[in-house]
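Take a look at the structure set out below.
The values are calculated or read from the model by the stated rules, or taken from the named source; none is laboratory data. Note that the structure is predicted; figures quoted are calculated from it, not measured. Here the Cβ is made from the backbone with ideal geometry for all residues, glycine too, and neighbour counts use every protein chain on show. Surface areas here come from the heavy atoms of the whole protein model, side chains and all, with no ligands, DNA or RNA. Shrake-Rupley method; radii C 1.70, N 1.55, O 1.52, S 1.80 Å.
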Amino acid sequence: MKDRASTDRPLAAPLLAGAAMAAIAVFGLVKLAARADLPPQHLARTIVALDGAAVRGPSDIRFVLSRKAIGDPVEIRFAPGGPGPDVVNDVVVPFYARRSFPLPLVLLGGVSFLAGFAVLLFRPRDRRARIFYWLSVCFGATVVIGGGTYGLQGRTVHLLPGLLFNIAYPLTLAFLVRFAWSYGPSRPSRRLALFWAVPAGLGVAMASLFLAAELLPSLEAYRLREVLKHGLRIYVVAMGVYALAEFGRALKTTPSEEDRVEIRGYLVALALGLGPFLAFNQLPLALSGRPLLPEEFSLVFFLMVPIFMTMAILQFRLLRVNIVFHRGHVYAILTFFTLGLFLLLVEGLKLAFPRATATGNVVLTMAAAVLIAVLLSPGRRRIQDAVDQLFFRQAYDYRRALQAFKAAAPSVVEAGRLADLFAKTLAGTLRVSRTGLLLDGGEGRTGELDERAAAALAGLPRDAVRPWARAAAVRDARDLDLSRDEALAAAGADLVLPLPPAAGAPSGLVVVGPKSSGHRLTGEDIDFAAALAGELAVNLGRIRIQEEMIYEKASREKTEELVRLKTEFIASVSHELRTPMTSLRGLSDLLRSGKVDDPAKRERLLGLMAGECGRLGRFLTNVLDYGRIEAGARAYDLRPTDLAVVVREVVDLVRESQAEGEARVRLDAPAGPVMVRADADAVRQALLNLIDNALKYSPDGADVVVRLAAGPEAATLAVEDRGIGLEPGDRERIFEPFVRCEGAAARAPSGVGLGLRIVRHIMDAHGGRAEVESEPGRGSVFRLVFSGGPAERATSR
Ligand code: ADP
């Protein structure tokens, strides 16, 4: 930002130069009052020569007159064939005797000079203010002198205003562009020479021709200058448009909000000042040769330019005049232009249909209105959008951000996610260094809000209507509560908003930190934060209500599941009791009938009976144990135990109770003792449950292997089968109570789903773990791992 840099160049030279220009302009005014004209009665006829020199039109006449003083004699020759004599001798009269003196121009020039001086004096070190100064004095000189041809009238000094005009006019536009540049990214200085060469060249050429015309004197030189003036007009229009475009570009790209407010000021100034002049005077003049408003009247609007520009450039640092350009103002200006366009169309249509009658005129007017409507209506939204983007970039961005949040929030189902989205939107749009959310009722704080900050804000009432702000951090304190400055400072916040109430939403605070740019928060910023907070509250409420509904549904399902489990449990228990009872009755009947004589066979049947009784007993133990486990009353008596002994007992017991053809239980255990700290009864129960399952869920006759292994770290007891196996999703689930897998019920109708639950509980109590490794259709390995080295287990208490 090289243009923003301060400069130490002395003020005296530019001030002196400006003063000199002002003095020449005033001198020019005096000379302008002495401007000569032909007596009005001669103007109706075509003049072909003045004082013997041939003239071709008003411009030539102006040149001849510029060399005369009021009261000088003049010889006028008319085109032959007129009503009077062809040659008349008369004296020249004052030009402004009949016309009004161009006072609007004088006023405008004066205001421009004043604006330039004011800005330079108030901001002497600002480079941008210097550019503005030169722009103002060049513009002022140009409009005051107004191009009126100042003649020699005998003295060379009278040429000064004309000379100044010729040079200041092109320079004005160059300074305007330079000024617009000062708001955008800096330009390469290489082409700067060319940039100045054009207006300087134009100025010097025009001034030289002017001097040549007046001093030689030479009508040809004067005519040449008139031609060059057309070139100058093109340059003026091109640079004017370019400057506007540059201002527009700067408005879009500059990161500084204060710059933006200034630029908006210039754009409004140019629109208000130049707009009417172009729309009502120049454009109709160019199109139909007839202005809608006289030039003098249109020029009054020019006054807006220096006034608004000065206000814009000075407002922040000095006058703190807060001109806020509301959308309405801009739309009003647009309407204004629409009106101009309408009048222009009417003129155009009249031109196209010159013989229109009175009724025809009405038709034309209506046609113009319809045409305007047709022309503007499709583009209306676009125009509005473009205007919004240009002038209300920020409001536009805010509206977009709010809409985006509104669109995205309803699909967020989690309060935390929503808070993140909120923080991202808020911080990203306002460009603040931090944001935070302090929600009451368990949700806690989010964002960059530490505990200290939360504590500092704890005392703020959540039902407050106005947001709190720090006085130094906001540009406009309307509708804000500035009384909690200290709390906000302690929390590192510039602005804190109470979360607006919404159905289901918790109360809370939205915390907004300082802007990254260091600028203060505007009313627009705060309105945006408030609107966003409103959306947040509504959606937080929605999420809370949704969560409650989901919770309710889940608990209802849980209850239904419990009822179902209970029914199933009762059915399973009856079944579980009936099967061994039936087989016991059958066996005892068989023994009592005396039909079994073979003692070995009797022994075998008694073994089976014992086995059934054992299974029945184990089932009852499981059910009772489950009750104890749930009540937290199951106790274990851990003491050094030889696992090898326990395992052998269990395997023997199972083998005894097995009928012919049932799966064979094999044992693979070390010969010596495997000592662990354990509750022998509990281990027996766990192992029996596993073997029961292995038998139940394997095809008849398939082997079941019980393996005991003692490692240095842990003793492992494994039960392997080649049964139906388990789906991966079931491997953890089966340790929960009442869970039975789908295939299990088909394979073995008995079972209530308590065995593994008890196994896990037992292993947890032993500080070990129960695991399963399984593949569907291939079998399973259930492992009981007793952690800690067996030796250590045995000796430690
Ligand atoms: P139950 O055997 O009484 O149904 P468990 O808690 O002992 O209850 O077992 C729970 C479920 O785990 C069983 O219903 C069965 O689906 C599955 N399961 C247990 N052991 C095995 C195994 N060895 N092979 C296949 N599935 C098994």
- Task: List every residue pair whose Cβ atoms lie under 9 Å apart, where the two residues are 6 or more positions apart in sequence or sit on different chains, the first residue falls within the stretch 608-635 and is under 19 Å from F735 (Cβ atoms) and free of Cβ contacts under 8 Å to residues at least 60 places away in the same chain, and the second residue, located anywhere, is more than 15 Å from the ligand (Cβ to nearest atom) and of a type in the set (A, V, I, L, M, F, W, C).
- Result: G627/A633; R628/A635
- Determine if the stretch 435-442 includes at least one residue that is assigned to a helix (DSSP H, G or I) and touching a residue at least 60 places away in the same chain (Cβ under 8 Å). no
- Which members of the stretch 98-117 meet the condition of being open to solvent by 30 Å² or more (accessible area, probe 1.4 Å) and either of a type in the set (A, V, I, L, M) or within 13 Å of F179 (Cα to Cα) (or both)? L103, V106, L107, V111, L114
- Checking R578 against (1) of a type outside the set (A, V, I, L, M, F, W, C); (2) open to solvent by less than 70 Å² (accessible area, probe 1.4 Å); (3) within 16 Å of the ligand (Cβ to nearest atom), the condition it does not meet: (2)
- Query: Is it the case that some residue within the stretch 709-716 is away from the ligand (no atom under 12 Å from the Cβ), in a helix (DSSP H, G or I), surrounded by 14 or more Cβ atoms within 10 Å (Cβ to Cβ) and aliphatic (A, V, I, L, M)?
  - Reply: no
- Query: Of everything in the stretch 769-797 that's within 16 Å of D642 (Cβ to Cβ) and at pLDDT 90 or above, which residue is farthest from the ligand (Cβ to nearest atom)?
  - Reply: F786
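Residues are listed down the side, and each one gets a yes or a no for (1) over 17 Å from T435 (Cα atoms); (2) surrounded by 16 or more Cβ atoms within 10 Å (Cβ to Cβ); (3) at pLDDT 90 or above:
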| position | (1), (2), (3) |
| --- | --- |
| R466 | yes, no, yes |
| R470 | no, yes, yes |
| V474 | no, yes, no |
| A487 | no, yes, yes |
| A505 | yes, yes, no |
| G523 | yes, no, no |
| I526 | no, yes, yes |
| A530 | no, yes, yes |
| I545 | yes, no, yes |
- Task: Any residue in the stretch 159-172 that's open to solvent by 10 Å² or more (accessible area, probe 1.4 Å): show its pairings with residues that are not in a helix (DSSP H, G or I) at Cβ separation under 7 Å, as long as the two are six or more apart or on different chains.
- Result: F165/G147
- Within the stretch 744-768, can you find the residues that are within 12 Å of the ligand (Cβ to nearest atom), touching a helix residue (DSSP H, G or I) at 6+ places or on another chain (Cβ under 9 Å) and farther than 19 Å from L624 by Cβ? A744, R747, A748, P749
- Does G81 satisfy being out of contact with any helix residue (DSSP H, G or I) (no Cβ under 6 Å at 6 or more places or on another chain), open to solvent by 40 Å² or more (accessible area, probe 1.4 Å) and modelled with pLDDT under 85? yes
- When you look at E713, is it touching a Gly at 6+ places or on another chain (Cβ under 8 Å) and of a type outside the set (V, I, T), yes or no? yes
- For the stretch 80-133, enumerate the residues that are in contact with an Asp or Glu (Cβ under 7 Å, 6 or more places away or on another chain) and among the basic types (K, R). R127, R128
